[in-house]
Amino acid sequence: MAHYIPPKQGKASQLFDVVVLVVLTVGSLFVPLWLNLAGAAKTVASPVENPTWEALGQNAAQAAKYEALGFTPETAHDLILARFDYSFSVGALLVMILVIVLYYFLILRFSESEYREVISEKFGK
Amino acid sequence: MTDIDITSQTMDGMGPHGTKVGLLRVLGPAHVWALGVGIVLVGEYMGWNFSVGKGGAFAALIACWFAGILYSCVAMIDSEVTSTVASAGGQYTQAKHIIGPLMAFNVGLYLVFAYTMLEAANAITAGYLFSVVASMTGHEAELDQRPFIILVITFLAWLNYRGVLATLTFNLVITAIAFIAIITLFLSTSGVLGGGIMEHAALFEGHELPYGWIGVLAAMHFGLWYYLGIEGTTQAAEEVRSPARSLPFGTLAGIMTLLIAATLTWFMCSGVLPWEYLGDGVSGSVAPLFDTARLSGSTALVWLLGFGTLFATLASANGCINDASRAWFAMGRDKYLPGWFGAVHPKYRTPYRSIVFLVPIALIFALGAPLDQVITFSILSGLLGYTFMPLNIILFRRKWPLDTIKRGYEHPFHPIPAFTLLGICGVTFFAVFLGYGTQLVAMIGFYIIVSLWFHFWRYRFVNRGAQFTMPWPKPKGY
């Protein structure tokens with residue numbers, strides 16, 4: 001295979017490439033936060049009025065620990081009762097699986113073609 | 001048997017990169033251990049407890065052990081491959097030689113983001129710790145944590161800039177102190193020395209599996225945090241004196257240390273702190289070992305675990321800067337990223353431009369995102385990297401069977417660890433989907449876009465044959 005000679009990249013082009021990567025990185029990580037799509041928030045489904053340790057489902061040992069940590073039943077109310085919602089749709093799960101499989105398929109496919117070129121140039125046919 | 005032998009003193013697998021100044025080979029197995037455990041040990045001091053919130057204390061223990069299996073597979077696979085690929089960049093360089101450039105580019109980004117996010121999480125925890133210490137010592141107003149976050153990141157970046165030996169020797173000392181603090185807390189609170197304060201049965205009563213078995217699956221997400229980063233030992237490959245011996249030894253000793261530390265940590269914290277408090281790392285227990293010490297009634301333990309937490313966060317952030325900068329540097333050197341990043345400091349022999357460049361990136365996330373989100377970003381990048389490893393080892397064994405390249409270490413029972421790792425990765429993807437599906441899809445969308453950018457634009461600047469720097473024979477099937 002003929003030896004591939006890469007073009008020389010100018011400083012402005014190098015800088016532009018770095019900016020593109022940084023913008024994509026910050027965007028992918030912060031956009032879900034900005035759009036409030038980050039998920040994983042806990043909610044209190046059934047609040048307890050005038051909470052006591054018993055009403056919050058805490059036995060004597062558990063209540064004693066909370067008190068040692070500086071909590072009262074009122075201040076510990078949300079901490080104790082908040083729960084995650086693990087319900088999900090099968091459609092969303094299938095989309096996630098599809099996205100992951102597509103991603104690995106894409107990079108393995110492109111990598112293979114690039115790799116053959118590398119091996120060919122390094123070792124010859 | 002081929003003459004290609006990484007265990008050789010004269011031919012250790014290093015290939016020419018065309019640089020006039022190389023990284024300095026000064027590290028031993030203890031430094032490799034310190035790099036791996038130093039990055040990860042903070043996972044026992046904070047973050048793992050989100051897994052308790054996801055499924056309860058028992059779920060967190062199951063997640064701890066299954067994640068332990070995942071990381072044992074990672075350590076075994078990594079030890080074999082890296083004992084033959086002694087070059088900076090770790091898994092990035094492995095992927096470049098075994099799977100191909102685009103995979104390598106992706107793996108390099110996984111490494112950089114996993115470590116940079118972990119560094120940001122460490123800085124957030126250090127800032128929190130300073131605010132707790134301030135309130136314990138009489139400061140009444142709310143302490144602004146941001147200056148401390150900035151100070152931690154910039155100080156450690158400066159240390160990394162100045163030289164790898166000092167950096168990792170610093171890590172060795174503070175990691176050892178942080179590990180001793182965990183052992184001391186265990187001996188003091190479990191009843192081994194004096195009276196114990198553990199109340200597992202009473203604290204678990206009525207809350208054994210609060211979400212049922214789906215909570216156990218969900219807990220796997222943060223179960224990774226007990227060990228995330230141990231694979232970073234491979235980043236030191238180009239700076240250890242004897243890579244074939246030091247890297248497997250340091251990595252495997254590291255995972256054994258962490259399995260012990262993780263189980264002890266779960267035992268102590270779940271036996272002292274109620275699960276709802278323990279499991280909420282934002283409004284409840286940010287630093288669970290420190291909180292356990294606070295409830296022990298011993299001022300000496302509070303100070304010891306306070307310093308342990310601080311040292312663990314510093315050691316981890318320090319190791320993360322080291323690893324992320326090596327991966328970024330290696331990609332720059334290969335022109336996967338602008339070649340400007342591939343420079344080595346003429347005096348300190350460190351990848352100084354990469355170190356400096358990643359400082360503001362870490363600061364953006366440390367100052368701009370909540371702890372659980374930062375941890376999730378780190379875990380997601382790590383998880384994508386772990387999914388690559390089974391593919392990597394299967395192809396490595398296929399392209400270079402055992403009789404073609406002498407390994408410094410051959411992992412046993414192949415391909416069982418590879419398929420086990422792949423299966424647990426699948427479970428963990430589902431766990432992440434349960435709480436953070438949007439981030440998962442957003443992050444993979446990002447990797448798809450940058451992959452297309454690399455393949456159709458960036459790769460034109462890469463010298464084809466020169467990427468393959470190992471003195472290996474031609475792979476089978478090509």
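We did not get these values from a lab; they are worked out from the coordinates using the rules stated. Note that this is a predicted model, so its numbers are computed, not measured. Here the Cβ is made from the backbone with ideal geometry for all residues, glycine too, and neighbour counts use every protein chain on show.
Give me B:ASP144, B:ASP280 sorted ascending by neighbouring Cβ count inside 10 Å, so fewest comes first. Provide the component values of the computation, followed by the final result.
Values: B:ASP144 11, B:ASP280 21.
Listing B:ASP144, B:ASP280 from fewest to most nearby Cβ atoms yields B:ASP144, B:ASP280.
Based on the Kirkwood radius over alpha-carbon pairs, what is the Stokes-Einstein translational diffusion coefficient of segment B:244-345 at 10 °C with 1.306 mPa s viscosity, in µm²/s?
Numbers: Rh = 16.7 Å.
Using the Kirkwood radius from Cα pairs, D works out to 95 µm²/s.
Give, rounded to the nearest 20 debye, the magnitude of the charge dipole that chain A has about its Cα centre when Lys and Arg contribute +1 at Cβ and Asp and Glu contribute -1 at Cβ.
Dipole of chain A, to the nearest 20 debye: 780 debye.
Over chain B, what is the mean sequence separation of C-alpha contacts under 8 Å (at least six apart), divided by residue count, expressed as relative contact order in percent? Each step should come with its number before you reach the end.
Working: 885 pairs, mean separation 166.5, N = 478.
Relative contact order here is 35 percent.
³J(HN,Hα) across segment A:43-53 via Karplus (A = 6.51, B = -1.76, C = 1.60, θ = phi - 60°), whole Hz, x for Gly/Pro?
Here the 3J(HN,Hα) series is 10, 9, 6, 10, x, 10, 7, 6, x, 10, 4 Hz.
Where does chain B land at 222 nm, in deg cm²/dmol rounded to the nearest 500, when only DSSP H runs of n ≥ 4 count, each adding -39500 (n - 2.57), divided by all residues?
-22500 deg cm²/dmol
Using only the Cα atoms of the protein assembly as shown, each taken as one equal point scatterer with no solvent, compute I(q) by the Debye sum, divide by I(0), and report log10 of the ratio at q = 0.07, 0.09, 0.11, 0.12 Å⁻¹.
-0.40, -0.67, -0.99, -1.18
Show log10 I(q)/I(0) for chain B at q = 0.12 Å⁻¹, two decimals, from a solvent-free Debye sum over equal Cα scatterers.
-0.99
Using θ = phi - 60° and the Karplus form 6.51 cos²θ - 1.76 cosθ + 1.60, what ³J(HN,Hα) does each residue of segment B:203-212 get, whole Hz, x for Gly and Pro?
Calculated HN-Hα couplings, in order: 6, 7, 4, x, 10, 4, 9, x, 10, x Hz.
Measure out, as a whole number of angstrom, how far apart the alpha-carbon centroids of segment B:95-132 and segment B:361-387 sit.
That distance is 7 Å.
Could you line up B:ASP372, A:ASP78, B:ASP291, B:ASP78 from fewest to most neighbouring Cβ atoms inside 10 Å? Working shown, then result.
Working: B:ASP372 20, A:ASP78 15, B:ASP291 23, B:ASP78 31.
Going from sparsest to densest Cβ surroundings: A:ASP78, B:ASP372, B:ASP291, B:ASP78.
Going through the DSSP H helices of chain B, which span 20 Å or more along their own axis at the Cα atoms while scoring at least -1.0 as a mean Kyte-Doolittle hydropathy?
Details: long enough: B:57-82 (36 Å, 1.57); B:101-136 (52 Å, 1.31); B:146-162 (24 Å, 1.15); B:164-189 (37 Å, 2.22); B:243-270 (40 Å, 1.19); B:299-333 (50 Å, 0.76); B:352-368 (25 Å, 1.99); B:371-399 (41 Å, 0.87); B:416-456 (36 Å, 1.73).
Span-like helices here: B:57-82, B:101-136, B:146-162, B:164-189, B:243-270, B:299-333, B:352-368, B:371-399, B:416-456.
Under DSSP H, which helices of chain A have Cα atoms covering 30 Å or more of the helix axis and a Kyte-Doolittle average no less than 1.0?
Working: long enough: A:11-34 (33 Å, 1.65); A:90-123 (48 Å, 1.19).
Once both thresholds are applied, what remains is A:11-34, A:90-123.
Separation of segment B:419-471 and segment B:32-60 by C-alpha centroid, Å?
Cα centres, segment B:419-471 to segment B:32-60: 24 Å.
Based on the Cβ-Cβ distance of A:GLU112 and A:TRP34, what FRET efficiency does E = 1/(1 + (r/R0)^6) give at R0 = 35 Å, to the nearest 0.05? Don't jump to the answer; show the numbers that get you there.
Working: r = 37 Å, r/R0 = 1.06.
Given R0 = 35 Å and the Cβ-Cβ separation, E is 0.40.
Give me B:HIS200, B:HIS221 sorted ascending by neighbouring Cβ count inside 10 Å, so fewest comes first. Don't jump to the answer; show the numbers that get you there.
Details: B:HIS200 12, B:HIS221 30.
Ordered from fewest to most neighbouring Cβ atoms within 10 Å, B:HIS200, B:HIS221 come out as B:HIS200, B:HIS221.
Work out how much length B:LEU209 to B:ALA166 would gain on full extension: take 0.36 nm times their residue separation and subtract the Cα-Cα distance, in nm to one decimal. Don't jump to the answer; show the numbers that get you there.
Numbers: separation 43, 0.36 × 43 = 15.48 nm, distance 4.61 nm.
This chain segment gains 10.9 nm when fully extended.
For segment B:312-424, report the convex hull volume of the alpha-carbon atoms normalised per residue, in Å³, without decimals. Can you show the working numbers first?
Values: hull volume 19.7 nm³, N = 113.
Cα convex hull per residue, to the nearest whole number: 174 Å³.
Could you work out the relative contact order of chain A, using alpha carbon pairs under 8 angstrom and six or more residues apart, expressed as a whole percent?
Values: 43 pairs, mean separation 40.7, N = 125.
Averaging sequence separation for qualifying contacts and normalising by length gives 33 percent for chain A.
For chain B, the longest stretch holding no trypsin sites (Lys or Arg not before Pro) located in a DSSP loop with at most 12 other Cβ atoms within 10 Å is which? Walk me through the numbers on the way to the answer.
Values: sites that count: B:LYS20, B:LYS347, B:LYS476.
By the stated rule (loop sites, at most 12 other Cβ atoms within 10 Å), B:21-346.
Quick one: Kirkwood hydrodynamic radius for chain A, alpha-carbon pairs, angstrom, one decimal? Please list the in-between numbers first.
Numbers: mean 1/r = 0.0471 Å⁻¹.
It works out to 21.3 Å.
Which of the lysines could a cross-linker span from B:LYS347 if the Cα-Cα distance has to be under 22 Å and same-chain partners fewer than 8 positions apart are dropped?
Straight-line reach from B:LYS347, under 22 Å: B:LYS20.
When we measure straight from the Cα of B:LYS406, which lysines land under 18 angstrom away, once same-chain ones fewer than 8 places off are left out?
Within the straight-line limit of under 18 Å, B:LYS406 reaches these lysines: B:LYS474, B:LYS476.
Among the lysines, which have Cα under 25 Å from the Cα of A:LYS65 when same-chain residues fewer than 8 positions away are ignored?
Cross-link targets: A:LYS42, B:LYS54.
Would you mind checking which residues have amide H under 5 Å from B:LEU27's amide H? H placed 1.01 Å from N; only 5 or more apart, or other chain.
For B:LEU27, the qualifying residues are B:VAL240, B:ARG241.
Please provide three numbers in whole Å: the alpha-carbon extents of segment B:21-95 along the principal axes, with the largest listed first.
51, 22, 19
GluC sites (Glu not before Pro), restricted to segment A:42-95: which are DSSP loop and have at most 12 other Cβ atoms within 10 Å? Mind dumping the intermediate values first?
On the way: sites: A:GLU49, A:GLU54, A:GLU67, A:GLU74; in loops: A:GLU49, A:GLU54.
Counting only loop positions with at most 12 other Cβ atoms within 10 Å, the GluC sites (Glu not before Pro) in segment A:42-95 are A:GLU49, A:GLU54.
Shape of segment B:117-276 from its Cα gyration tensor (a ≥ b ≥ c, root eigenvalues): rounded if a/c is under 1.5, otherwise prolate when a/b > b/c, or oblate? The partial results should precede the final answer.
Numbers: a/c = 1.78, a/b = 1.28, b/c = 1.39.
Because a/c hits 1.5 or more and a/b fails to exceed b/c, segment B:117-276 counts as oblate.
Give the span of segment B:95-183's Cα atoms along each principal axis, as three whole-Å numbers ordered largest to smallest.
57, 29, 27
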